[in-house]
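Comments concern the structure below.
Just so it is clear, none of the values below were taken in a lab; they were calculated from the coordinates. If you're wondering where the values come from, they're calculated on a predicted model, not measured in any experiment. With ideal geometry, Cβ positions are generated from the backbone for all residues, glycine too; neighbour counts draw on all protein chains shown.
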Amino acid sequence: MKPGFVSPVRPGLILELTKRDFTERFAGSTLGGLWAFIWPLVNLMVYMVIFSRIMGARLPGQSNVYAYGVYLSAGLLPWMAFSGTFGRSAGIFVEKKQIISKLQVSLPSLLLYVSLAESVTFLISMGFFFGFLAATGWTFTRHLLLVPFIYLTQQVLAFGLGLLCASLVVFVRDLKEVVGVLLQLWFWFTPIVYVKDIVPGWLQKAMVFNPAYILADSYQKIFAYQQVPILGPLIVVTLAAHGITAAAYWIFRTLEKDIRDFL
């Protein structure tokens, strides 16, 4: 590839890979693509019914029996989209090396199909989530208008981190496994299944540097507490997400020739 040449983005290829992602995931099953709806529904039933009604989990300061289920779902559903996008993107260049070797395609655009596939699953899950909220008498407020903005911010962050790691995994294959371990630790150091107040004070203060906490807390304030998120930290995370993505793209462009050669 000539120096400075930017490979074309192929929208048709991205859409085809997204479609294939779902067909391959449920290949051989009788219900096929219906599982893309069944799994989110089952997961939400566990979060909203099992935890709240059967196990009796309660959210401090909230009297609604479903409050903890809403709190859990509001943090967990976006996290699954974020971690799925980041984790899967980290190995995408190695995974799709046959396509890369045959087609002149923009490598970063391959991450778009991962984000798109995870976003489709997220939208299906949120559709069921809104159904549960409506059925339990939850009040829909104007705060919901912030949800697309928060989701876009988290996916930009996932894209940037994924692009950075995808560029490096080509040379250090173990890094993909490291990303999986880090995501597991990141999840448990983020108040998604628990409230921030139960952790030590020093850790509560450190959470301001955890972008996943800012994002999860924003969702939870909207859905579980029906409050407007604190906009200052959210704006900082948005700027940081775009900065990380810009830096990741610069690193990718610097290494692109070597990346294609190693693949």
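One table, with the values for the structure above:
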item	result
Order of Met80, Met45 - criterion: other Cβ atoms within 10 Å of each residue's Cβ, fewest first	Met45, Met80
Neighbour-count order for Leu110, Leu263, fewest beta carbons within 10 angstrom listed first	Leu263, Leu110
Relative contact order for the chain, counting Cα pairs under 8 Å that sit 6 or more residues apart, in percent	26 percent
Size of electric dipole in segment 11-262: Cβ of Lys, Arg +1 and of Asp, Glu -1, about Cα centre, debye, nearest 20	120 debye
Burial ranking of peptide ranges 172-178, 209-215, 67-73 (average Cβ count within 10 Å, highest at the top)	67-73, 209-215, 172-178
Additional length obtainable on full extension of the chain from Ala247 to Asp261, 0.36 nm per residue less Cα span	2.9 nm
Neighbour-count ranking [beta-carbon atoms within 10 angstrom, fewest first] of Asp21, Asp217	Asp21, Asp217
Lysine pairs with alpha-carbon atoms under 15 Å apart, segment 11-262, spacing 8 or more or separate chains	4
The chain, helix-only ellipticity at 222 nm - DSSP H runs n ≥ 4, -39,500 (n - 2.57), divided by all residues, nearest 500	-22000 deg cm²/dmol
FRET E, pair Ile38, Glu16, Förster distance 22 Å, beta-carbon r, rounded to 0.05	0.35
